[in-house]
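Note sheet for the following structure.
The values are calculated or read from the model by the stated rules, or taken from the named source; none is laboratory data. Keep in mind the model is a prediction, meaning the values are calculated, not measured. When we count neighbours, we look across all protein chains shown, and the Cβ atoms used for this are built from the backbone with ideal geometry, even at glycine. Surface accessibility is based on the protein's heavy atoms, side chains included, excluding ligands, DNA and RNA. Shrake-Rupley method; radii C 1.70, N 1.55, O 1.52, S 1.80 Å.
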Amino acid sequence: MNQFKYISPKTKEEVLEILKQEKSEVCLVAGCSNILPYIKDKKLPAKLLLDISGIEELNYIKKSEGKLCIGAGTTIYNLVNSKIIREECNILYQAGEEFADPTIRNSATIGGNLADASPAADVAPPLLVLDAVLEVESTDGKREVSLKNFFVSPRKTVLHDDEMITSIKIKDDSINKNGCFIKLGLRQAMAISLATVALILKVEKDKVADVRIAMGSIAPTPLRLIKVEGFLKNKKINDELIEGAIKKVREEVKPIGDVRASAEYRRYISGILFKRAFKKLT
């Protein structure tokens, strides 16, 4: 740790100014649930650690102008214990309940989980199906980035060196209330996911009126399954449709193998998780 400097700013403006000056030499931290292991394993070069966990203006959950707005500094614990989250987008609540363990949920933040850009980020698939938009800020101003365009590759996003995520916005939509999140890990708690699925569904007259599907840990980045969604829309729900969709899921995912599971296993299980989530909602 001797190589690392540490600053704990009190305001967002202070953070943005330091980012402007130091740029790539800065590493934003809040819960540190990923950063500390990176430091221990020597995966993170010497940086200025900029602790934003004490900035209250980044910690909120509220409704504004037809949108649900979540501050990037909001902890997973606060997500899970939010009545608004449970009622308006329950799928995000489900993902929060599956997130690591209570100790980690008390410190890990929604913004940090996204900015880390892990293929296994638990909150990414539910936010993808919720069509979330990120508000990103620098000293030059604000811009909005759709989450589906945010991830570039493992640990890489479209964020510039002088930018930070300040909030996550979700449009008010009735379909958001009917969702299912399933996580498969090697154990019940504190497991990095082998695969996750997030699915929200609208059914009218036994047909798929609308559907959104996203998965984690089955591609270099969290992935929205656009082709599978197109295959399902406006079709009558039956076993033949489900089996056809399972085949499409396995074609669209892009898994890699690692110490936790082979690419072949991840491709296989992606279809199983889709089937479980789809049947649960129908």
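What to note about this one:
- In the stretch 267-278, the residues that are in contact (Cβ under 8 Å) with a residue 40 or more places away in the chain reach residues that are surrounded by fewer than 20 Cβ atoms within 10 Å (Cβ to Cβ) and among the basic types (Lys, Arg) with C-beta atoms within less than 8 angstrom, at least six apart or across chains, in these pairs: Arg267/Arg250; Ser270/Arg250.
- On the stretch given as the stretch 142-163, residues that are in contact (Cβ under 8 Å) with a residue 60 or more places away in the chain, assigned to a strand (DSSP E or B) and farther than 24 Å from Tyr93 by Cα total 2.
- Options Ala108, Ala117, Ala132: the member that is of a type in the set (A, V, I, L, M) and more than 24 Å from Ser8 (Cα to Cα): Ala132
- Residues located in the stretch 43-82, provided they are closer than 23 Å to Ala100 by Cβ, among the hydroxyl-bearing types (Ser, Thr, Tyr) and outside any helix (DSSP H, G or I): Ser53, Tyr60, Thr74, Thr75, Ser82
- Filtering Leu134, Leu201, Leu184 for residues that are in contact with a helix residue (DSSP H, G or I) (Cβ under 7 Å, 6 or more places away or on another chain), open to solvent by less than 20 Å² (accessible area, probe 1.4 Å) and under 17 Å from Gln94 (Cβ atoms) leaves a single hit, Leu201.
- Some residue of the stretch 214-236 being under 14 Å from Ala277 (Cβ atoms) and open to solvent by 40 Å² or more (accessible area, probe 1.4 Å): no
- Candidate set: the stretch 19-72, residues that are open to solvent by less than 50 Å² (accessible area, probe 1.4 Å) and without any contact (Cβ under 8 Å) to a residue 12 or more places away in the chain; chosen: the one nearest to Lys5 (Cα to Cα): Tyr38
- Residues being open to solvent by less than 70 Å² (accessible area, probe 1.4 Å) and either in contact with a helix residue (DSSP H, G or I) (Cβ under 9 Å, 6 or more places away or on another chain) or at pLDDT below 90 (or both) - total across the stretch 3-14: 5
- Total residues in the stretch 93-118 satisfying the condition of being of a type in the set (A, V, I, L, M), farther than 10 Å from Ser33 by Cβ and either part of a helix (DSSP H, G or I) or at pLDDT below 95 (or both): the figure is 4.
- Output for the stretch 232-270, where each listed residue is hydroxyl-bearing (Ser, Thr, Tyr) and not in a helix (DSSP H, G or I): Ser262
- Hey, Pro255 under 21 Å from the mean Cα position of the chain (by Cα), open to solvent by 20 Å² or more (accessible area, probe 1.4 Å) and closer than 14 Å to Pro119 by Cα or not: no
- Candidates Ile218, Ile175, Ile192, Ile200, filtered to the one that is farther than 30 Å from Ile18 by Cα and out of contact with any strand residue (DSSP E or B) (no Cβ under 9 Å at 6 or more places or on another chain): Ile192
- Single condition Glu87 does not satisfy, out of (1) surrounded by fewer than 21 Cβ atoms within 10 Å (Cβ to Cβ); (2) out of contact with any Lys or Arg (no Cβ under 7 Å at 6 or more places or on another chain); (3) more than 14 Å from Ile170 (Cβ to Cβ): (3)
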